[in-house]
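Everything on this sheet refers to the single structure shown next.
The values are calculated or read from the model by the stated rules, or taken from the named source; none is laboratory data. A quick note: this is a predicted structure, and the numbers were derived from the prediction, not measured. Here the Cβ is made from the backbone with ideal geometry for all residues, glycine too, and neighbour counts use every protein chain on show.
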Amino acid sequence: MKYGNKTNKLINILLKKNVKICAAESITGGRFAFEIIKNENASKIFDYGLVTYSDDSKSNILGLKDKINKTNVVSTEMSKYMVKEVTKFSNHKKVLAVSCTGQAGPTVLNANFPIGTVFIGVSYKARIFSFKKCFNQKNRLSIINSTVKEMINSCLDIIEA
């Protein structure tokens, strides 16, 4: 089967495998969810998306208050915590979950990493992955768009493995 783009390829693989996708987005503010749902058949695979942009929302919605106090929100650990917690809202047996956290600037949230550093978490079949990406763009929107592309790529890498 020929796919129009990577997002459609992901949707078609999820359809074929009868897998639902859910997301916990921070840096992308819902843009990943939009990238999925703007496509045909999205309603058959997209379960839900949560935008947990602030520390308060990560605490209140995902229950990560203790984790936020122990680790930086821009970190491998946070991407893993977020993706683990977001799956708890799904009633489906086969779920691919994705999360993202990072810094698009101008404010630096983690002094250990430059602006453009993001962490993408993916959970599938009881395994949790985290991918660190560094985008050299200095424009917030470019960093956000690059993050969404990498979220799609990361999901494809895991679901196709």
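How many residues does region 91-112 contain that are buried (at least 18 other Cβ atoms within 10 Å of the Cβ) and closer than 29 Å to I159 by Cα? Explain how you work it out, then say what you get.
Taking region 91-112 and keeping what is buried (at least 18 other Cβ atoms within 10 Å of the Cβ), we get 95-104, 109.
Then keep just the ones that are closer than 29 Å to I159 by Cα; that gives 95-104.
Within region 91-112, residues that are buried (at least 18 other Cβ atoms within 10 Å of the Cβ) and closer than 29 Å to I159 by Cα number 10.
Looking only at region 113-125, decide whether some residue is under 26 Å from Q137 (Cβ atoms), of a type in the set (F, W, Y), modelled with pLDDT of 95 or more and surrounded by 22 or more Cβ atoms within 10 Å (Cβ to Cβ).
yes
Please give the number of the condition L62 fails out of (1) part of a helix (DSSP H, G or I); (2) over 22 Å from S146 (Cβ atoms).
With (1) part of a helix (DSSP H, G or I); (2) over 22 Å from S146 (Cβ atoms) applied to L62, the lone miss is (1).
I need the full set of residues from region 66-90 which are buried (at least 19 other Cβ atoms within 10 Å of the Cβ) and part of a helix (DSSP H, G or I), in order please. Don't jump to the end; show me each part of the working.
Taking region 66-90 and keeping what is buried (at least 19 other Cβ atoms within 10 Å of the Cβ), we get 67, 73-75, 78-83, 85-87.
K67, M78, S79, K80, Y81, M82, V83, E85, V86, T87, listed by residue number.
If I go through region 120-161 residue by residue, how many of them are touching a Ser or Thr at 6+ places or on another chain (Cβ under 8 Å) and not in a helix (DSSP H, G or I)?
Here is the first cut: in region 120-161, the ones touching a Ser or Thr at 6+ places or on another chain (Cβ under 8 Å) are 120-123, 129-135, 137, 144, 147-148, 151-152.
Restricting the remaining residues to those that are not in a helix (DSSP H, G or I) gives 120-123, 129-135, 137.
The number of residues fulfilling the criteria is 12.
Looking at I21, I36 in this structure, which one is of a type in the set (A, V, I, L, M, F, W, C) and either surrounded by fewer than 18 Cβ atoms within 10 Å (Cβ to Cβ) or in a helix (DSSP H, G or I) (or both)?
I36
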